[in-house]
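The values are calculated or read from the model by the stated rules, or taken from the named source; none is laboratory data. These numbers come from a predicted model, not from an experiment. Note that each Cβ is placed from the backbone with ideal geometry, even for glycine, and that neighbours are counted across all protein chains shown. Ligands, DNA and RNA are stripped out before the accessible areas are found, and what is left, the full protein with its side chains, is counted by its heavy atoms. Shrake-Rupley method; radii C 1.70, N 1.55, O 1.52, S 1.80 Å.
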Amino acid sequence: MVAVPPEGLPQEQTPDDRKSLCFDSEPLKAELEILGRPVARIRAASDQPVPKIALRLCELKPDGTSWLVTYAF
């Protein structure tokens, strides 16, 4: 099955990763299928009146490219 990127977003995310704060895990020992909506719990502080957070879950390929799985704002 080929994942379709959310409308308006490129599937390959490497250029955006270069401008973002990224957190990577160690390579997974086995394939992982995500069913449903992943949940992220984030605690943050801001000196701005309306802080914004965009979260992208990407698959990091062995060649270093980053491919979008899902995202949220």
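How many residues, within the stretch 21-56, are of a type outside the set (A, V, I, L, M, F, W, C) and either open to solvent by less than 90 Å² (accessible area, probe 1.4 Å) or touching a Pro at 6+ places or on another chain (Cβ under 7 Å) (or both)? Quick ask: steps written out before the conclusion?
So the first thing to find is which residues in the stretch 21-56 are of a type outside the set (A, V, I, L, M, F, W, C), and the list is 24-27, 29, 31, 33, 36-38, 41, 43, 46-49, 51-52, 56.
With either open to solvent by less than 90 Å² (accessible area, probe 1.4 Å) or touching a Pro at 6+ places or on another chain (Cβ under 7 Å) (or both) added as a condition, the list becomes 36, 38, 46, 51, 56.
Matching residues across the stretch 21-56 total 5.
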| query | Which residues, counting only those in the stretch 15-53, are in contact with a strand residue (DSSP E or B) (Cβ under 7 Å, 6 or more places away or on another chain) and of a type in the set (G, A, S)? | reply | A40
| query | How many residues does the stretch 13-45 contain that are at pLDDT below 85 and β-branched (V, I, T)? | reply | 1
| task | Considering only the stretch 24-73, state which residues are charged (D, E, K, R) and in contact with a Phe, Trp or Tyr (Cβ under 9 Å, 6 or more places away or on another chain). | result | K52, R56, E59, K61
